[in-house]
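For reference, the structure is listed below as structure tokens.
The values are calculated or read from the model by the stated rules, or taken from the named source; none is laboratory data. Computed from a predicted model, the values in this text were never measured in an experiment. We place every Cβ from the backbone using ideal geometry, glycine too, and count neighbours over all the protein chains shown.
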Amino acid sequence: MYAIETDSLAKFYGKSRGIIDLNLKVKEGDIFGFIGPNGAGKSTTIRLFLSLLFPSRGSGKIFDYDIVKQSTKIKQIVGFVPSEVHYYDNMKVRELLEYSARFYKVSLNSHFHNLVEILDLDLNRRISDLSMGNRKKLAVIQSLIHKPKLLILDEPTSGLDPLMQKHFFDIIKEANAGGVTIFFSSHILSEVEKFCHRVAIIKEGKIVNEDDISSLKEKAVSRVSLMLKENNLKICLKTPGVIKSDKSNNGHSFLFQGCMTDLLKELSQLPIEKINITEPSLEEIFIHFYRDKITEDKQ
Amino acid sequence: MNINLFCKELKRSLKDFLIGSFVIILFILMTMGMYSTMEDNMAAISDLYSKIPKFLQEAMNFRQDQWTSILGFYLTYFVYYIPLMGSVFSIYLGIKLLSKEEQNKTAEFLLSRPLTRDQIILSKLLVLGFYIFGLNILAFLTGMICCGIITDWAINIYSLFVLHTYGFLLCIFFGVLGFFITVLMKRAKTIIGTGIIIVMSSYFFDMIIRISDNFKFLLYLTPFKYLDLNILTQNYGFEAWRLIVFIGSSGLLVFFSFMFYRRKDILI
């Protein structure tokens, strides 16, 4: 059984697209990254999972419950941290948490007090007085009080300072170690890179790739940095797969996706002082994908 | 119904209810207090009023013979405090209960709790009904006590009850109409002003119908026309067709509210 499974899930707002034929499979216990730029369809996807929106076509299941017909059962086992936290401003933090807990028929137990202590949240403050970061902490706590099986996080770290981000990731990892599946939507690629097992990239409402983080990196590009013995030497590499080249004094750096042996053969002809081949960051992979897809679309 | 949501909404709208009730009770007390001071000179005042042009008398819901009894006097002002002010309160609350969630973006929180859409609608409609009922009960009791004290309880309480029940049904209609309009809204925006305009226009149409027979077609656009204000006539009581009109139209609005909200996209 998958934690999340969608089949050609699509949402249109009139003629505008939300998401198009989304096919996702998230295994139980996974930490699944969902990345894409603003407006790509991440929040639409999440809102479809939570029945805030209804699909234009296709279907989706969460732990085998249909996202349209059995949404109440889904919400009972899902915790959700929204990208922008909007709660009832006139309520106090404790009141909101108690209000939320009553929907799940749970009480604020030691697990809850532990979370409050770790995230250092004042329960007696009014929500209207909370900073963006504190609102986010509140959202994280309320998403966990009923011990969900699936945690849906929509840009969860925005507004949190680095120390709180660390605490947040510790909490999430602990939850995952306890069997909670994590669906992590973000546009901060380094977070996804560090944190997730698998990742799907969404662009303009479509999934452009879904893979393990490691496979994604392998399939993608390498960053090659060269230091030449001679300044201002112009080089023109013929090996297919050189993507983007930057030059500075006697240094050259480029992304490469192709046969490394052929590249090294060609490079051995050059007066190289130092060569550095590194794994690209997810940021670079991401940009690479977008460029490829844009090229495909134009063709 | 979800009791947690119901209690929360009850608390959230309490202030509106208290303000609405206070204004209406104050208005009843003021007008009935006015009657006590006018009582001795009622014939002269009534004569003075009769010099007002006929169409204006109709528009103001004043008839010369009306002020000869306390219920007649009460009826003249009743139109303003329950059907008009009560309906404004009801449509305001009906709109606010749902639209505030979307406007303040708290709908995302509410709809991600384990609740069905029907539970949300039912809890909110019950809060609406509870406060409209509360407001009308307070107004009825205030009116009854005032009339009772002035006449030493020589009043027809049943007639007063029937009159207020019609007022209550009108308020319910406008409350659920406001709620229904919010359900139909595609974007979160304030429509409380629109709601008040709807009530005022309906009242205005009723006034026009009273002034001239040429505008009778407007009776389809105003529920005010279906109020039975002939409290001074013999055999004044509930008329089945009027009850059917009010209960039926409100019931339909509730039914369609449930139906449309079940599949409504919440655009935050």
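Find the helices (runs of 4 or more DSSP H) located wholly in region B:3-50 whose residues include 2 or more that are within 26 Å of the chain's Cα centre (by Cα), and list them.
Helices (runs of 4 or more DSSP H) meeting the threshold: B:3-12, B:14-38.
The single condition from (1) in a loop (DSSP other than H, G, I, E, B); (2) away from chain A (no Cβ under 14 Å) that B:LEU219 fails is (1). B:PHE109 passes all but one of (1) buried (at least 21 other Cβ atoms within 10 Å of the Cβ); (2) in contact (Cβ under 8 Å) with a residue 24 or more places away in the chain; (3) not hydroxyl-bearing (Ser, Thr, Tyr); which number fails? B:PHE109 satisfies all of (1) buried (at least 21 other Cβ atoms within 10 Å of the Cβ); (2) in contact (Cβ under 8 Å) with a residue 24 or more places away in the chain; (3) not hydroxyl-bearing (Ser, Thr, Tyr) except (2). If I filter region A:54-98 down to residues being in contact with a strand residue (DSSP E or B) (Cβ under 6 Å, 6 or more places away or on another chain) and of a type in the set (A, V, I, L, M), which single residue comes out as farthest from A:SER110 (Cα to Cα)? Only one residue fits best here, namely A:ILE67.
Residue by residue, here is whether (1) over 14 Å from the mean Cα position of the chain (by Cα); (2) within 14 Å of another protein chain (Cβ to nearest Cβ); (3) over 28 Å from A:ALA101 (Cβ atoms) holds:
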| position | (1), (2), (3) |
| --- | --- |
| A:ASN23 | yes, no, yes |
| A:ILE35 | no, no, yes |
| A:SER51 | yes, yes, no |
| A:TYR65 | yes, yes, no |
| A:VAL81 | no, yes, no |
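Give me the residue from region B:1-51 that is among the small types (Gly, Ala, Ser) and more than 14 Å from chain A (Cβ to nearest Cβ) and, out of that set, surrounded by the most Cβ atoms within 10 Å (Cβ to Cβ).
This residue is B:GLY20.
Within region B:107-124, restricting attention to residues that are within 18 Å of A:TYR88 (Cα to Cα) and assigned to a helix (DSSP H, G or I), the residue that is farthest from the other protein chains (Cβ to nearest Cβ) is B:LYS124. Applying the condition of being of a type in the set (A, V, I, L, M, F, W, C), in contact with a Cys (Cβ under 8 Å, 6 or more places away or on another chain) and crowded, with 22+ Cβ neighbours inside 10 Å to region B:114-159 and asking which residue is farthest from A:LEU50 (Cα to Cα) yields B:LEU135. The set of residues in region B:97-106 being more than 10 Å from chain A (Cβ to nearest Cβ) and either surrounded by 23 or more Cβ atoms within 10 Å (Cβ to Cβ) or touching a Phe, Trp or Tyr at 6+ places or on another chain (Cβ under 9 Å) (or both) consists of B:LEU97, B:LEU98, B:SER99.
What strands (runs of 3 or more DSSP E) completely inside region A:180-289 contain at least 2 residues that are touching a strand residue (DSSP E or B) at 6+ places or on another chain (Cβ under 6 Å), at pLDDT 85 or above and under 25 Å from A:LYS25 (Cβ atoms)? First the steps, then the outcome.
Working: elements: A:181-186, A:198-203, A:206-212, A:222-228, A:242-248, A:251-256, A:272-278.
Filter on region A:180-289 gives A:181-186, A:198-203, A:206-212.
State whether one or more residues within region A:154-166 are of a type in the set (Asp, Glu) and assigned to a strand (DSSP E or B). Before the answer, list the steps.
Within region A:154-166, the subset of a type in the set (Asp, Glu) is A:154-155, A:161.
Remaining after also requiring assigned to a strand (DSSP E or B): A:154.
Yes; the residues of region A:154-166 include at least one that is of a type in the set (Asp, Glu) and assigned to a strand (DSSP E or B).
Would you mind stating whether A:ILE62 is in contact (Cβ under 8 Å) with a residue 12 or more places away in the chain and under 18 Å from A:ASP154 (Cβ atoms)? Considered against the rule, which asks whether it is in contact (Cβ under 8 Å) with a residue 12 or more places away in the chain and under 18 Å from A:ASP154 (Cβ atoms), A:ILE62 comes out as yes. When each of B:TYR77, B:TYR92 is tested for being closer than 13 Å to B:THR31 by Cβ and in a helix (DSSP H, G or I), the lone residue that passes is B:TYR77. Filtered by the rule that a residue be exposed (fewer than 11 other Cβ atoms within 10 Å of the Cβ) and more than 11 Å from chain B (Cβ to nearest Cβ), region A:105-126 gives A:SER107, A:SER110, A:GLU117, A:ASN124. As a summary of the residue check, A:ASP30 satisfies the conditions (1) under 16 Å from A:ALA139 (Cα atoms); (2) touching a His at 6+ places or on another chain (Cβ under 6 Å) except for the one numbered (1).
Considering region B:243-268, the residues that are β-branched (Val, Ile, Thr) and either touching a residue at least 12 places away in the same chain (Cβ under 8 Å) or within 24 Å of B:THR106 (Cα to Cα) (or both) include one that is farthest from the other protein chains (Cβ to nearest Cβ), namely B:VAL245.
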